[in-house]
Amino acid sequence: MFNLVQGRRKYFLFSVTLIGLGILAMIYSLITTGAVFPLGVDFLGGTRFELQFSRPVTEAQIEETFAQFDITNISVIALRGESLENAWQIRTPFVTPEESQAILAALEQDAAPLLPDTTSVQSVSPSVGGEVTRAAFIAILVAAVVVLVYIMIAFRQVPKPFRYGASAVAAMIHDLFVIFGFAAVMGMLRGWEVDALFLTAVLTVAGFSLQDTIVVFDRIRENIAKRPLEKYETVVNRSILETIHRSLATQLNAMFVMVAILLFGGASIKPFIAVLFVGMLSGTYSSIFTAVPLLVSWEKNEIPLLRG
């Protein structure tokens, strides 16, 4: 039987290297821009345009019109829903009412006429982004505590159930640091900015990571009861091999869809999908090569700070 957990030190080294590079990227971004990631309008404040055109227009046409006013740092989102055909939401740095009227006139001239009574121009407060950020991180903290307590209760028949919960939470934190580092790197290389969608991706990745890890841990619990005389490392390795096909099948189906969106989707949604893709890739990896090896190392007293 192929032994996956035998190379756990290599997995730990790879994870530490990956996260370390991400932290360096965040530090560099903090020094050069004042933020660990380039922040978008949702966090810095600005102006939000909600428009509906009388005929189809492209995202590129909208961006070109705003570029005439030296406004290139914008977020363009196509709105979908009832009576929202050819409708768009554009978020920009703050512009004066006079500038917004000039932009609307240019859009009508260069792109398409605007439908009457469908145009909205509003200020966006940066405090909204701050409130959403706090709510997102509180949600992650609560999820970590709930999962820790849940695993301790569900795994109470297994020796030292706290280790299972702590390892699952550690894998989730691993995945979050991976996407934080990715956001910092792409901000430097491609100018991608962190917006409210990034927080959605963070919460989604946290959920996927915990779910994938719990599936593996649950099989470990079942096999411990079935094979009480087998070595712990052998039981864990057997459990990984029995569940890896399910994890890969579930994650790959979602990843294929994300790759299609990255190749053919609109530019405004690509950063969100890319963060999701990297997060799910990291979640699949960490469930097998971070959470489980950490559990084995803890059981074998190989971690100095966690001995006993």
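Quick look at the numbers
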| read-out | value |
| --- | --- |
| Single condition residue 123 does not satisfy, out of (1) in contact with a Ser or Thr (Cβ under 8 Å, 6 or more places away or on another chain); (2) under 30 Å from residue 49 (Cβ atoms); (3) surrounded by 15 or more Cβ atoms within 10 Å (Cβ to Cβ) | (3) |
| Residues of region 233-250 classified as of a type in the set (Ser, Thr, Tyr), surrounded by 15 or more Cβ atoms within 10 Å (Cβ to Cβ) and at pLDDT 85 or above, total | 2 |
| Test: residue in region 43-53 that is of a type in the set (Val, Ile, Thr), surrounded by 17 or more Cβ atoms within 10 Å (Cβ to Cβ) and either farther than 27 Å from residue 101 by Cβ or at pLDDT below 90 (or both) | yes |
| Qualifying residue in region 61-71 (condition: within 22 Å of residue 131 (Cα to Cα), in the same structural domain as residue 111 (by TED's automatic domain parsing) and touching a helix residue (DSSP H, G or I) at 6+ places or on another chain (Cβ under 6 Å)) | no |
| Qualifying position, being more than 28 Å from residue 41 (Cβ to Cβ), at pLDDT 90 or above and assigned to a helix (DSSP H, G or I), among 253, 223 | 223 |
| Within region 64-74, tally of residues that are touching a residue at least 12 places away in the same chain (Cβ under 8 Å), surrounded by fewer than 17 Cβ atoms within 10 Å (Cβ to Cβ) and either under 11 Å from residue 88 (Cβ atoms) or more than 27 Å from the chain's Cα centre (by Cα) (or both) | 3 |
| Enumeration of residues in region 72-103 that are closer than 18 Å to residue 194 by Cα and of a type in the set (A, V, I, L, M) | 74, 76, 77, 90 |
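The values are calculated or read from the model by the stated rules, or taken from the named source; none is laboratory data. Please read all numbers here as calculations on a predicted model, not as lab measurements. We place every Cβ from the backbone using ideal geometry, glycine too, and count neighbours over all the protein chains shown.
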